[in-house]
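Okay, structure first, notes after.
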Amino acid sequence: MENDNLTLIKQNVTAIQQSLPSDVLLVAAAKTRLPEEVQAAINAGIKVIGYNYVQEAEQMHPFIDEAVKWHMIGHLQKNKVKKAIGLFDMIETIDSVELALEVNKKCASTGKVMPVLIEVNSGKESNKTGVLPEDVSQLIMKIHDLPHLRIQGLMTMGPRFGNPEDARPYFRATKSVFDRIKNAGIPHVEMRFLSMGMSNSYKIAVEEGANIVRIGTVLFGTRCL
Ligand SMILES: *Cc1c(COP(=O)(O)O)cnc(C)c1O
């Protein structure tokens, strides 16, 4: 039974990888998954795992000894930054000057330079994290020369719809912010990564220019927690 599940995960990774263009990075959104499930995904070729919580990533770290990269994909609280910078290779969810300053400060004390993405609230939902599309450049202008941050692109969740096609305008709007900032040529800002799309929407996100997709359900199966 258990082995069947791990075999399925490997098959899912292979199938998703094959359906993606070669320049699109597949991040396994690993929340709530067991160490052996995450390991099965890594064995099948996953190079990056994403966690929403610092504590969950911390608990998983001792079990994963492979050379995988760790991305923070959930909202990062300021009081968790010190731990987060020791665990993660990229923070995809910078959404305020205060958070950026804290990451810069804590990285300065360990000599690290943290690659980050700016999280965009593309659906403009008041209960969501992320900066509004029209405020992204302003945020970047305030933090782009922090020496221990390296801004490398944007991330968005987009609203969750039953019909993934409904997410397309939000992905398109995020891509347009991405292009605008890229073309502005802001010093120290390398607009390389556009992280958008989840299990139900990643194909549409890739059509709209995503080169990172974050996938949980269709990779690991339905979450029971
Ligand atoms: C859970 C999660 C995903 C993946 O969601 P699925 O629908 O399970 O593929 C992607 N991004 C973030 C930020 C998540 O929390």
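The values are calculated or read from the model by the stated rules, or taken from the named source; none is laboratory data. Just so it is clear, the structure is predicted and the values come from calculations on it, not from any experiment. Here Cβ is always computed from backbone atoms with ideal geometry, including for glycine, and neighbour counts include all displayed protein chains. With ligands, DNA and RNA removed, areas are computed over all heavy atoms of the protein, side chains included. Shrake-Rupley method; radii C 1.70, N 1.55, O 1.52, S 1.80 Å.
Does any residue of the range 15-23 turn out to be open to solvent by 40 Å² or more (accessible area, probe 1.4 Å), assigned to a helix (DSSP H, G or I) and more than 19 Å from Gly216 (Cα to Cα)? Looking through the range 15-23, none of the residues is open to solvent by 40 Å² or more (accessible area, probe 1.4 Å), assigned to a helix (DSSP H, G or I) and more than 19 Å from Gly216 (Cα to Cα).
All conditions but one from (1) more than 14 Å from the chain's Cα centre (by Cα); (2) within 10 Å of Phe220 (Cα to Cα) apply to Gln55; the one that does not is (2).
Applying a threshold of 7 Å to beta carbon distances and a minimum spacing of six or more residues, or different chains, the list of pairs starting in the range 176-203 at a residue that is on the phi < 0 side of the Ramachandran plot and aromatic (Phe, Trp, Tyr) and ending at one that is within 16 Å of the ligand (Cβ to nearest atom) and open to solvent by less than 10 Å² (accessible area, probe 1.4 Å) reads Phe178/Gly153; Phe178/Leu154; Phe178/Leu194; Phe193/Leu117; Phe193/Gly153; Phe193/Ile212; Tyr202/Val213; Tyr202/Ile215. All told, Asn12 meets the bar of being at pLDDT 95 or above, touching a helix residue (DSSP H, G or I) at 6+ places or on another chain (Cβ under 9 Å) and either under 26 Å from Glu207 (Cα atoms) or open to solvent by 40 Å² or more (accessible area, probe 1.4 Å) (or both). Report whether or not Ala205 is open to solvent by less than 20 Å² (accessible area, probe 1.4 Å), within 16 Å of the ligand (Cβ to nearest atom) and either part of a loop (DSSP other than H, G, I, E, B) or among the acidic types (Asp, Glu) (or both). The answer is no for Ala205.
Matching residues to (1) surrounded by fewer than 16 Cβ atoms within 10 Å (Cβ to Cβ); (2) of a type in the set (A, V, I, L, M, F, W, C):
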| residue | (1), (2) |
| --- | --- |
| Asn183 | yes, no |
| Pro187 | yes, no |
| Ala210 | no, yes |
| Arg214 | no, no |
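Ala173 fulfils the conditions (1) buried (at least 17 other Cβ atoms within 10 Å of the Cβ); (2) near the ligand (Cβ under 9 Å from one of its atoms); (3) part of a helix (DSSP H, G or I) except for a single criterion, (2). Does any residue of the range 113-129 turn out to be within 16 Å of the ligand (Cβ to nearest atom), on the phi > 0 side of the Ramachandran plot, at pLDDT 95 or above and not in a loop (DSSP other than H, G, I, E, B)? Scanning the range 113-129, I find no residue that is within 16 Å of the ligand (Cβ to nearest atom), on the phi > 0 side of the Ramachandran plot, at pLDDT 95 or above and not in a loop (DSSP other than H, G, I, E, B), so the answer is no. From the list Val97, Val103, the one residue that fits, being crowded, with 20+ Cβ neighbours inside 10 Å, in contact (Cβ under 8 Å) with a residue 12 or more places away in the chain, closer than 24 Å to Leu194 by Cβ and away from the ligand (no atom under 13 Å from the Cβ), is Val103.
Looking at (1) within 13 Å of the ligand (Cβ to nearest atom); (2) under 15 Å from the mean Cα position of the chain (by Cα), can you tell me which one Lys47 breaks? Unmet condition: (1).
Pick out the one residue from Lys47, Lys83, Lys69 that is touching a residue at least 24 places away in the same chain (Cβ under 8 Å), open to solvent by 90 Å² or more (accessible area, probe 1.4 Å) and farther than 23 Å from Lys142 by Cβ.
The match here is Lys83.
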